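Data block below; observations after.
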Amino acid sequence: MSLTRLLLRSLRRPTTIPTITTHLQTLTLTPHTQTRTFAFSSIEEAAAERRRRKRKLRIEPPLHALQRDPNAPRPKRDPNQPDTTSALVGPRLSLHNRVQSLIRAHDLDSASVVARQSVFSNTRPTVFTCNAIIGSMYRAERYNDAIALFTYFFKQCGIVPNVVSYNFLIISYCDNDEVDKGLEVYEYVKANAPFSPSAVTFRHLTKGLVDRGRMDEAVSFLWKMVAEGQGADSHVFNNVIRGFLNSGNLDKANEFFDELKSRCLVYDGIVNATFMEWFFNQGRVKEAMESYKSLLDKEFKMVPATCNVLLEVLLKWGRKVEAEALFVSMLDRHTPPVVQAVNSDTFNLMVNECFKDGKALEAYVVFKKAGTAPKSKPFAMDTAGFNNMIMRYCECDMVDDAEKMYGELCGKSLSPDVNTYKALIDAYFKAGRVDEAVEKYTKMVEAGLRVIPTYANKWFSEMIENGKIEECEPILTKMCERDPKPDATTYDFVIRGTLWNFKL
């Protein structure tokens, strides 16, 4: 057996040695001919994988990105910077909403009191709350009050204003015939504010200068805007163009219009509306319509605000066919959420024109109108649109139709506001339907809407004169449950009316 094993070993040696040698030769001869293998078959596949991983990180961020070290100090906010929207939370958001509700109820004095008193509380107002009350004072043409509130909040109480705050101050000065003070504010912002003036700043200043006939300064500000990198703002150019047109300088107006078109591939159609208005005033109807058609030929995707200005000009000068065509095209382009081509102001313009012509039935058809294009969708009407219909019906003594609109408003899951109830209550009292007026007054108070003293005293007077004294007490009691409380004159009015009734 040992001899046999020896023979077998001798037979295996020549076969194994060459095999190993050949394999070693292969390894030593071909080390550089092998190619490196990658995880992806192509560059495109690798790029797709990177994008997939980034999307995953956005959807499912790593835990360390979500968990902040509780011991790490929070980054301190620069006290010289204005509030950001992240400050509008908790009690400060509740304060903001309370002030906004008073503004919507047209009780600007109470809104101002609440905002001013909150400065001395633990819940100081944000810059957004301050801007809200200042802006409401400006829109009510109470320019001195707007300027006084700016001084109070931002100079006396140390709240840091943002660019919107300064813009409200500038336009208040300009509309109050104090353009020079507005210019001083602009220079102050440039020198001291941590931000630059916005395009809106230049709109306000150029409008104020043009309205005072200071065209050279307005043009200077236009070029200053362009030099500061703000771009060619259509509204600023429109202010300058309007100024030259009003002074009869059509050539200069066309020169600036050409400059705007050379700087912007797409510009705002309000410039064409300005030319149309001027041509119509001059009796040059053909040129006005040529300007309008030249705008349509460009096929710009115009926002509702621009189209509404065009609609207003066309309706004002009796071009109802063209206005109707523009309205229909806007409805056809309305494909939310991609394209918002109309708003409630668009419908209000068309509805008001129908009522102006005595076509109340046609007004409702227009109110319900929708586009016929394949992708167009009906406009989801808001409370402001319903209010306009209700007020127009009440003006025409069509109270029952106004009541139907009120029911439709409530059925759309929308909330009636102060304007809704005011129009209906006044209309019911005017028509002698006191019970319906009291019912609406009660609903208004139960909804928690603020009733300003002017309205409250007027309606309580109507109730007392019509023998509804007992109904005054629960309404007044309900009003007292919410802040701010009714005005002292309201209490005095109801008490005197009650005593007078007992004497009788």
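The values are calculated or read from the model by the stated rules, or taken from the named source; none is laboratory data. What you see is a predicted model, and the numbers here were worked out from it, not measured in a lab. All Cβ positions, glycine included, derive from the backbone under ideal geometry; neighbour counts span all protein chains shown.
Just checking, how many residues over the stretch 337-359 are among the aliphatic types (A, V, I, L, M), over 12 Å from N388 (Cα atoms) and not in a loop (DSSP other than H, G, I, E, B)?
1
Check R212 against each of (1) crowded, with 20+ Cβ neighbours inside 10 Å; (2) under 30 Å from L315 (Cα atoms) and name the one condition it does not meet.
(1)
Condition first: outside any helix (DSSP H, G or I), touching a helix residue (DSSP H, G or I) at 6+ places or on another chain (Cβ under 7 Å) and either closer than 24 Å to G318 by Cα or not aliphatic (A, V, I, L, M) (or both). Can you find one or more residues in the stretch 270-285 that meet it? Don't jump to the end; show me each part of the working.
Initially, the stretch 270-285 is screened for residues outside any helix (DSSP H, G or I), giving 282-284.
Right, trim to touching a helix residue (DSSP H, G or I) at 6+ places or on another chain (Cβ under 7 Å) and you get none.
No, the conditions are met nowhere in the stretch 270-285.
Give me the pairs: first residue in the stretch 76-91 and of a type in the set (G, A, S), second residue surrounded by 10 or more Cβ atoms within 10 Å (Cβ to Cβ), beta-carbon distance under 6 Å, and six or more apart or on different chains, which are they?
Correct list of pairs: A87/T126.
Name the one entry in K261, K207 that is at pLDDT 95 or above and either assigned to a loop (DSSP other than H, G, I, E, B) or out of contact with any Pro (no Cβ under 7 Å at 6 or more places or on another chain) (or both).
K207
Of the conditions (1) free of Cβ contacts under 8 Å to residues at least 12 places away in the same chain; (2) assigned to a loop (DSSP other than H, G, I, E, B), V321 clears all except one; give me its number.
Of everything listed in (1) free of Cβ contacts under 8 Å to residues at least 12 places away in the same chain; (2) assigned to a loop (DSSP other than H, G, I, E, B), V321 misses just condition (2).
May I ask you to list the residues in the stretch 235-261 that are farther than 20 Å from Y292 by Cβ and free of Cβ contacts under 8 Å to residues at least 12 places away in the same chain?
Within the stretch 235-261, G248, N249, D251, K252, E255 qualify.
Out of the helices (runs of 4 or more DSSP H) lying entirely within the stretch 102-189, which hold 3 or more residues that are without any contact (Cβ under 8 Å) to a residue 40 or more places away in the chain, of a type in the set (A, V, I, L, M, F, W, C) and under 23 Å from L205 (Cβ atoms)?
Fully inside the stretch 102-189 and qualifying: 127-139, 143-150, 163-175.
Do we find a residue being under 21 Å from L315 (Cα atoms), out of contact with any His (no Cβ under 7 Å at 6 or more places or on another chain) and assigned to a helix (DSSP H, G or I) anywhere in the stretch 397-407?
Within the stretch 397-407, none of the residues are under 21 Å from L315 (Cα atoms), out of contact with any His (no Cβ under 7 Å at 6 or more places or on another chain) and assigned to a helix (DSSP H, G or I).
Out of everything in the stretch 190-209 that is crowded, with 22+ Cβ neighbours inside 10 Å and of a type in the set (V, I, T), what residue ends up being nearest to S262 (Cα to Cα)?
Checked the stretch 190-209; the qualifying residue nearest to S262 (Cα to Cα) is T206.
I want to confirm something. Restricting to the stretch 262-290 and keeping residues that are among the small types (G, A, S) and either surrounded by fewer than 20 Cβ atoms within 10 Å (Cβ to Cβ) or without any contact (Cβ under 8 Å) to a residue 12 or more places away in the chain (or both), which single residue is nearest to D233 (Cα to Cα)?
Residue satisfying both the conditions and the ranking: S262.
Residues are listed down the side, and each one gets a yes or a no for (1) crowded, with 20+ Cβ neighbours inside 10 Å; (2) in contact with a His (Cβ under 8 Å, 6 or more places away or on another chain):
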position	(1), (2)
K316	no, no
A323	yes, no
H334	yes, no
Q340	no, yes
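Right, I475: within 23 Å of S110 (Cα to Cα), at pLDDT 90 or above and surrounded by 14 or more Cβ atoms within 10 Å (Cβ to Cβ) or not?
Criteria met by I475.
Which of the residues belonging to the stretch 408-432 are surrounded by 14 or more Cβ atoms within 10 Å (Cβ to Cβ), free of Cβ contacts under 8 Å to residues at least 40 places away in the same chain and in a loop (DSSP other than H, G, I, E, B)?
Answer for the stretch 408-432, where residues must be surrounded by 14 or more Cβ atoms within 10 Å (Cβ to Cβ), free of Cβ contacts under 8 Å to residues at least 40 places away in the same chain and in a loop (DSSP other than H, G, I, E, B): L414, P416, A431.
Against the conditions (1) closer than 23 Å to L102 by Cα; (2) surrounded by 23 or more Cβ atoms within 10 Å (Cβ to Cβ); (3) over 30 Å from the mean Cα position of the chain (by Cα), where does K458 fall short? Just the number, please.
(2)
How about the stretch 365-402: which of its residues are free of Cβ contacts under 8 Å to residues at least 24 places away in the same chain and of a type in the set (D, E, K, R)?
K368, D400
I'm checking my understanding of the structure. Among residues of the stretch 151-167 that are among the aromatic types (F, W, Y) and surrounded by fewer than 22 Cβ atoms within 10 Å (Cβ to Cβ), which one is farthest from Q81 (Cα to Cα)?
Of everything passing the filter in the stretch 151-167, Y152 is farthest from Q81 (Cα to Cα).
Scan the stretch 295-322 residue by residue and report those that are touching a helix residue (DSSP H, G or I) at 6+ places or on another chain (Cβ under 7 Å) and either among the aliphatic types (A, V, I, L, M) or over 18 Å from V342 (Cβ atoms) (or both). Outline the logic, then answer.
Taking the stretch 295-322 as the starting set, the residues that turn out to be touching a helix residue (DSSP H, G or I) at 6+ places or on another chain (Cβ under 7 Å) are 295, 304, 306-315, 317, 322.
If the condition is that a residue be touching a helix residue (DSSP H, G or I) at 6+ places or on another chain (Cβ under 7 Å) and either among the aliphatic types (A, V, I, L, M) or over 18 Å from V342 (Cβ atoms) (or both), then L295, V309, L310, L311, V313, L314, L315, W317 are the ones that fit.
Does C264 meet the test of being over 20 Å from Q340 (Cβ atoms) and of a type outside the set (K, R)?
yes
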